[in-house]
1. Place a point 7 Å from the Cα of A:ALA155 along the Cα-to-Cβ direction; which residues of segment A:84-102 have their backbone N under 18 Å from it?
2. Rounded to the nearest 100 Å², what's the accessible area chains B and A bury against each other, both chains counted, probe 1.4 Å?
3. What's the percent breakdown of Cα-Cα distances in chain A across 10 Å bins, shortest bin first?
4. Hey, if we sort B:MET209, A:MET37 by accessible area with the 1.4 Å probe, largest down, what's the order?
5. List every residue whose amide H lies under 5 Å from the amide H of B:TYR157, counting only residues 5 or more places away in sequence or on a different chain, with H placed 1.01 Å from N in the peptide plane.
6. B:GLN36 versus A:GLN225, label points 7 Å from Cα toward the beta carbon: distance in nm?
7. Name the long-range amide H neighbours of B:HIS269: under 5 Å, sequence gap of 5 or more, or other chain; modelled H, no Pro or chain starts.
8. Looking at the protein assembly as shown, what % of the alpha carbon pairs are farther apart than 39 Å?
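The values are calculated or read from the model by the stated rules, or taken from the named source; none is laboratory data. Everything numeric in this text was worked out from a predicted model, so none of it was measured. Methodologically, a virtual Cβ is constructed for each residue, glycine included, from the backbone with ideal geometry; neighbour enumeration extends over all protein chains shown. These accessible areas exclude ligands, DNA and RNA; they are computed on the full protein's heavy atoms, side chains included. Shrake-Rupley method; radii C 1.70, N 1.55, O 1.52, S 1.80 Å.
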Amino acid sequence: MRTARCEYLLRFGDNALILSQRLGERCGKGPALEEDMALTNTALDLLGQARLWLSLAAEAAGDGADEDTLAYLRDDREFHNVLLVEQPNGGYADTLVRQFLFDAWASLALRQLLGSRDAAIAAIAEKAVKEVSYHLRRTSDLVVRLGDGTERSHALMQAALEALWPYHHELFIGDAVDAEMVAAGIGFEPASLRDAWLSYVREVLAEASLTMPAAGGWAPKGGKQGLHSEHLSRLLAEMQVLPRSHPGARW
Amino acid sequence: MYAQMVDTGTPSSATIDAREARFQQRIDDGIRIEPQDWMPERYRKTLIRQISQHAHSEIVGQLPEGNWITRAPSLKRKAILLAKVQDEAGHGLYLYSAAETLGISRDQMVEDLHAGRAKYSSIFNYPTLTWADVGAIGWLVDGSAIMNQIPLCRCSYGPYARAMIRVCKEEAFHMRQGYDLMLALARGTAAQKAMAQDALNRWWWPSLMMFGPPDGDSVHSAQSQAWKIKLFTNDELRQKMVDQTVPQAEHLGLTIPDPDLKWNAERGHYDFGAIDWDEFYNVVKGNGPCNRERLETRRKAWDDGEWFRDALVAHAEKAAQRAAAKAA
């Protein structure tokens with residue numbers, strides 16, 4: 001039986017891990033050399049964060065798990081990332097918009113965790129927030145430049161925004177785990193970040209001359225609790241293939 | 001320098017000889033040639049060819065290893081591999097920049113690659129079939145690359161030499177990481193050890209081919225050596241690679257796939273079997289297992305990214321116009 005704290009750690013770890021995995025798919029195929037390097041750098045930062053979160057989660061689980069058994073030997077129903085990060089890369093506009101929406105949230109979420117009563121969590125947040133602040137600066141800048149670039153880039157960015165927008169809702173929906181973490185002074189109330197997120201995103205989209213999708217509409221959720229889209233199982237099948245086919249091997 | 005030569009017409013052969021003699025003297029004296037210095041057109045062209053080919057190799061070289069990023073079997077190995085592939089992109093960047101100092105644009109070089117006019121190292125046209133191939137590339141391919149590139153840190157062209165210093169430091173790291181990966185497999189399960197041996201079997205000969213044709217058949221060697229943009233011959237470097245690698249393979253408990261390989265005490269080197277040069281020339285000509293796929297992947301990435309690059313240019317122009325309007 002995993003504690004709420006353990007599941008809380010898995011949520012942060014899985015968000016970082018799955019998004020890093022998606023970005024890794026793109027490595028070496030970017031639209032420009034500098035961009036390729038920058039995106040790979042983001043993938044590396046996220047992977048580093050994932051390792052810290054998962055190692056701490058493994059420690060909390062106390063059942064002999066480690067970062068690798070958590071990454072490689074859990075099934076999709078045991079993953080706790082939000083649906084946004086498992087969405088396929090699509091075109092480069094989709095990859096960037098997904099990253100922007102996530103970075104804007106992660107930057108706020110990690111800032112909240114800086115004040116966590118849990119010293120180990122606050123320490124990870126302190127390292128990660130510096131990286132994520134830079135990611136957000138970069139993606140915000142690109143959203144502006146591509147939104148306000150050519151007609152074509154504007155259309156691609158707007159379409160990506162429409163496609164990914166529904167997935168932002170889940171970032172702000174709390175559950176019993178969140179409530180327990182808030183009560184313990186460890187975590188934050190997800191809904192409390194919504195206004196700041198919306199206001200930041202609105203400002204960037206306005207500068208990018210992109211239209212913020214209308215409020216309401218489809219709001220898929222369930223990733224945090226382990227109920228995912230069809231995409232996650234495939235992603236894991238690829239990611240986990242070697243440890244699954246060579247049980248017990250060390251790499 | 002281009003413009004100056006056009007302006008003055010074709011110099012007499014005596015002028016060329018005098019200039020070239022001074023140029024060669026500088027090289028012989030160990031003084032670096034810098035972008036603003038006069039240089040013979042053949043030197044410039046040879047260097048553009050050599051440096052851009054090297055840059056393209058770094059960029060295309062991202063693909064075979066990148067193939068395993070999503071399937072790396074531990075998070076630590078995944079981080080190492082991501083960082084490595086990113087380093088290769090960085091090397092491509094320095095090298096394109098070094099080549100640009102010779103008066104060619106990066107876009108032109110990329111276009112030459114995509115049109116099939118420019119080459120890249122033949123090794124990257126082989127497939128990475130298992131995880132052990134990632135280790136074999138680090139150990140053997142980066143090992144060969146270092147062998148070739150360390151002397152280039154002392155080459156006559158300043159920007160290239162300086163780029164090589166940083167590239168070599170990182171490559172040395174990659175080689176150790178590749179070897180460490182192979183070591184983990186060699187000490188692992190029977191299936192892992194078999195994977196490592198299979199990778200060595202497939203990468204050994206292509207790695208030796210990386211140094212290029214035997215000295216007798218190498219058309220550019222003599223001039224490049226005089227210009228100090230090539231400091232050792234292909235065969236010298238190849239021998240060094242074999243001598244260095246054999247004990248490493250023994251330490252891994254793996255067998256080098258060459259029945260003729262044996263220590264020659266008289267020469268103080270390992271003798272090794274004949275290389276299949278037909279295979280090498282065939283791969284260089286475009287008929288390797290992955291030539292088409294590699295080039296197609298690069299072309300697609302470039303074509304798919306066109307809107308992105310165009311948009312950044314368009315935005316910069318808009319921003320400049322807005323700034324100008326504001327100032328007016």
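1. So the set is A:91-94.
2. Details: alone 16760 and 11900 Å², together 24660 Å².
Summing both chains' loss of accessible area gives about 4000 Å².
3. Spelled out per bin, shortest first, that is 7, 32, 38, 19, 4, 0.
4. Details: B:MET209 5, A:MET37 45 Å².
So, going from the largest accessible area down, we get A:MET37, B:MET209.
5. B:ILE33
6. So the two model labels end up 7.0 nm from each other.
7. Excluding prolines and chain starts, which carry no amide H, the hits are B:ASN264.
8. On the way: 63441 of 167331 pairs.
Considering the protein assembly as shown, 38 percent of its Cα-Cα pairs are separated by more than 39 Å.
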